[in-house]
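All remarks here apply to the structure that follows.
Derivation of every value follows stated rules applied to the coordinates shown; laboratory data play no part. Values in this document were obtained by computation on a predicted structure and should not be read as measured data. Backbone-built Cβ (ideal geometry, glycine too); neighbour counts: all protein chains shown.
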Amino acid sequence: MRSLKALTTFSLCLITVSFSGANVANSCGWGGESDGDDEIIMLEIGADGEPLTDNLSMITSPKLQNETGNQFREDANYEQALIWYKKAAEQGNKEAQNNLAGLYEFGLGLPQDFTKAIHWYRLAATTGEPHAQHSLGVIYAEGKGVEKNVGMAHLWLVKAADQKHLKAFADMAKIMEQGPEKLKWLMLAVHHGDSDANPALKAARAQCTKDDINKSEELFSQWLADRG
């Protein structure tokens, strides 16, 4: 038997982190993670993953339900994570909607289903969840379970980039033709801390003219001036 930690609703503090596993792309983002400093409820969990105490009645807040799902996901108990994410997602919690979509996209604890993944990503993305916006953009860019659509990819990746989602900048560069715009997005990726974009930036600069490089630097500076 072990204990599962879940945050109380009145002291919930939200942050977002990247999570990766054997079957999960590095760019997958999970929403509504705890920083571990808040007051907690202890739930006794049996070997089958089922809570053994009556504290379940306390988990009515969508934020707390999402956090409970996060705890199960971190323990690779995707079946229970699915239950809790769905409870919160159906109440409109955008972080849970994003997380539920991630389970469907990567087939964690259930069969892979891009149609349902896109449905939940879209609900979260339209209410401003940056991980969902990024994931939706990548899905359209790569044509994962849907017809490839560069315009839709551009739409959602730009929204994620506007919220400084780390991987959105480099993924925007991937859908751009060689030139100043591509360089701009790669420069922004590196500027915001995406070290994986360094080789792509170096290769792109080697293929550009001096004029293209100068233009990209202007575009880069303008983006930062407009958005910080």
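Equivalent-ellipsoid semi-axes (√(5λ), Cα gyration tensor) for the stretch 164-208, whole Å, largest first?
Whole-Å semi-axes of the equivalent ellipsoid: 16, 11, 7.
Among A96, A117, Q163, whose Cα projects farthest towards the positive end of the dipole of the stretch 96-206, with charges put on the beta-carbon of Lys, Arg (+1) and Asp, Glu (-1)?
Of A96, A117, Q163, it is Q163.
So how do K148, K87, K167 line up by other beta-carbon neighbours within 10 Å, fewest first?
Neighbour counts put them in this order, fewest first: K148, K87, K167.
Along the stretch 122-134, what does the Karplus equation 6.51 cos²θ - 1.76 cosθ + 1.60 (θ = phi - 60°) give for ³J(HN,Hα), rounded to whole Hz, x for Gly and Pro?
Result, rounded to whole Hz: 5, 4, 5, 5, 5, 9, x, 6, x, 4, 5, 4, 5.
Taking neighbour Cβ counts within 10 Å as the exposure measure, how do F106, F72 sort from fewest upward?
By the 10 Å Cβ count, ascending: F106, F72.
Would you mind ranking L157, L110 by Cβ crowding within 10 Å, fewest neighbours first?
So the ranking, lowest neighbour count to highest, is L110, L157.
Can you figure out the FRET efficiency of A203 with D226, using R₀ = 22 Å and their beta-carbon distance, to the nearest 0.05?
0.25
Could you tell me which GluC sites (Glu not before Pro) in the stretch 90-150 are loop residues by DSSP with no more than 12 other beta carbons within 10 angstrom of their beta carbon?
E147
Assuming 1.567 mPa s and 4 °C, estimate D for the stretch 93-195 with Stokes-Einstein, Rh taken as the Kirkwood radius over Cα pairs, in µm²/s. Could the numbers behind the result be given before it?
Working: Rh = 13.6 Å.
Diffusion coefficient, whole number: 95 µm²/s.
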